[in-house]
Amino acid sequence: MPLVLATQAPGEPEIFASVQGEGPSAGMPCTFVRLSRCNLACVWCDTAYTWHFDGDDRAHRDGLEYDRKANQLTLDEEEVAARITALGQKRLVITGGEPLLQAPALARLLDLLPDVSVEIETNGTTKAPTALDIRIDQFNVSPKLAHSGNPAELALLPEQLDAYATDPRAWFKFVIAGPSDVDEALALRDRYRFRPGHVFLMPEGTDSETLRAREKWLAPLCVEHGFRLSDRLHIHLFGDTRGT
């Protein structure tokens, strides 16, 4: 099966060069590939056009439903690899949606790109099979807390989180909307013994004003509990837009 991608505009895949906006690689130049489809449904998701299509009754705060044909397309791995190569970056970020839902096609894609370093952005509910795993340099794992609207039995799977917790390539990023969310992140950190220095707290928000307001109270909590703070550079630079 070919890759199923999100779109920047109807008929145009969301493959672009920019700087990484979040987590341990923030500020690094990268090529981004955004895949479509997700197995979770965060009520504050800022890429709901990858999954909240017409007829999807899962909750989202914007209440918008997206036309699947305008927001999703398929391309073979050779075409995607050619577009990535043309952008000339040495680092590739594969995001979504949930990219690991398309692991076999991703493994075939990366076979065509032997010289790039690869980050996978995942919600942590699944692991890459061996054929894909051997090509991944960094996992950006974002387990979803209760305020995401996902039930814990779907979003926080002990077997998968245990596996990521023991993988030195894994970095954890918790989206935080209120101070009480930090308590949940602390409990997960302690339960799974995530590596020191590998856990980020990132404010939820899709505009600079909201991010800055939340960072004012989030930064002291990071200092208190030994977390790292992640901003969202792309929001400050480009706003909440596709292809950035």
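The values are calculated or read from the model by the stated rules, or taken from the named source; none is laboratory data. None of these values were measured; they are calculated from a predicted model. Cβ atoms come from the backbone with ideal geometry, glycine included; neighbour counts cover every protein chain shown. SASA here: full protein model, heavy atoms, side chains in, ligands and nucleic acids out. Shrake-Rupley method; radii C 1.70, N 1.55, O 1.52, S 1.80 Å.
Per Stokes-Einstein, at 20 °C and 1.002 mPa s, what whole-number D in µm² s⁻¹ belongs to the chain, with the Kirkwood radius over Cα pairs as the hydrodynamic radius?
Values: Rh = 18.3 Å.
Answer from the Stokes-Einstein relation: 117 µm²/s.
Can you give the translational diffusion coefficient of segment 127-197 in µm²/s, computed by Stokes-Einstein from the Kirkwood radius over Cα pairs at 37 °C and 0.692 mPa s? Provide the component values of the computation, followed by the final result.
On the way: Rh = 13.0 Å.
Value of D from the Cα-based Kirkwood radius: 252 µm²/s.
Show me 28-40, 66-78, 123-135 ranked by packing, highest mean number of other Cβ atoms within 10 Å first.
On the way: 28-40: 20.8, 66-78: 15.8, 123-135: 17.4.
Highest-to-lowest ranking by the protection proxy: 28-40, 123-135, 66-78.
Over the chain, what is the percentage of antiparallel beta bridges among all DSSP beta bridges, to the nearest 5? Write down the numbers at each step before the final one.
Numbers: 12 of 35 bridges.
Here the share of antiparallel DSSP bridges comes out near 35 percent.
Got a number for carbon plus sulfur as a percent of segment 54-180's accessible area, 1.4 Å probe?
Working: 3000 of 5730 Å².
Carbon plus sulfur share of accessible area: 52 percent.
Measuring from the lowest to the highest alpha carbon on each principal axis, how far does segment 89-129 reach, largest first, in angstroms?
28, 17, 13
Once a ≥ b ≥ c are taken as the square roots of the eigenvalues of the Cα gyration tensor of segment 194-244, is the result rounded (a/c under 1.5), prolate (a/b larger than b/c) or oblate (a/b not larger than b/c)?
Oblate, since a/c reaches 1.5 and b/c is not below a/b.
Please give the Cα centre distance for segment 188-235 versus segment 82-120, rounded to the nearest Å.
That distance is 27 Å.
Given +1 on the Cβ of Lys and Arg, -1 on the Cβ of Asp and Glu, and no further charges, what dipole in debye does the chain carry about its Cα centre, rounded to the nearest 20? Write out the running numbers ahead of the final one.
Numbers: 25 positive and 36 negative charges, 106 e Å.
Dipole magnitude for the chain comes out near 500 debye.
May I have the count of lysine pairs in the chain with C-alpha atoms under 30 Å apart, counting pairs 8 or more residues apart or located on different chains?
The result is 10.
Using θ = phi - 60° and the Karplus curve 6.51 cos²θ - 1.76 cosθ + 1.60, what whole-Hz ³J(HN,Hα) does each residue of segment 88-99 get, with Gly and Pro shown as x?
Along segment 88-99, the couplings run x, 9, 8, 10, 10, 10, 9, 10, x, x, 10, x Hz.
Over the chain, average the accessible area per residue using a 1.4 Å probe and give it in Å², no decimals. Numbers along the way, then the final one.
Details: 10670 Å² over 244 residues.
Normalised by residue count, the accessible surface of the chain is 44 Å².
Taking the Cα atoms of segment 40-161, report the difference between the largest and smallest coordinate on each principal axis, in whole Å and largest first.
The Cα atoms of segment 40-161 stretch 40, 36, 21 Å along their principal axes.
³J(HN,Hα) across segment 212-226 via Karplus (A = 6.51, B = -1.76, C = 1.60, θ = phi - 60°), whole Hz, x for Gly/Pro?
These are the phi-based 3J(HN,Hα) values: 5, 4, 6, 5, 4, 8, 7, 4, x, 5, 4, 4, 5, 10, x Hz.
Taking the Cα centre of segment 177-244 as the origin and placing charges on Cβ (Lys, Arg +1; Asp, Glu -1), which of G205, L229, G239 is farthest toward the positive end of the dipole?
Working it through, the farthest residue towards the positive pole turns out to be L229.
Tell me, what is a quarter of the convex hull surface for the C-alpha atoms of segment 158-244, in nm² with one decimal? Before the final figure, lay out each step's value.
Numbers: hull surface 24.8 nm².
With every direction weighted equally, the projected area is 6.2 nm².
Using per-residue counts of other Cβ atoms within 10 Å, averaged over each peptide, order 210-220, 171-181 from highest down. Please list the in-between numbers first.
Values: 210-220: 15.4, 171-181: 19.8.
The packing order, highest mean first, is 171-181, 210-220.
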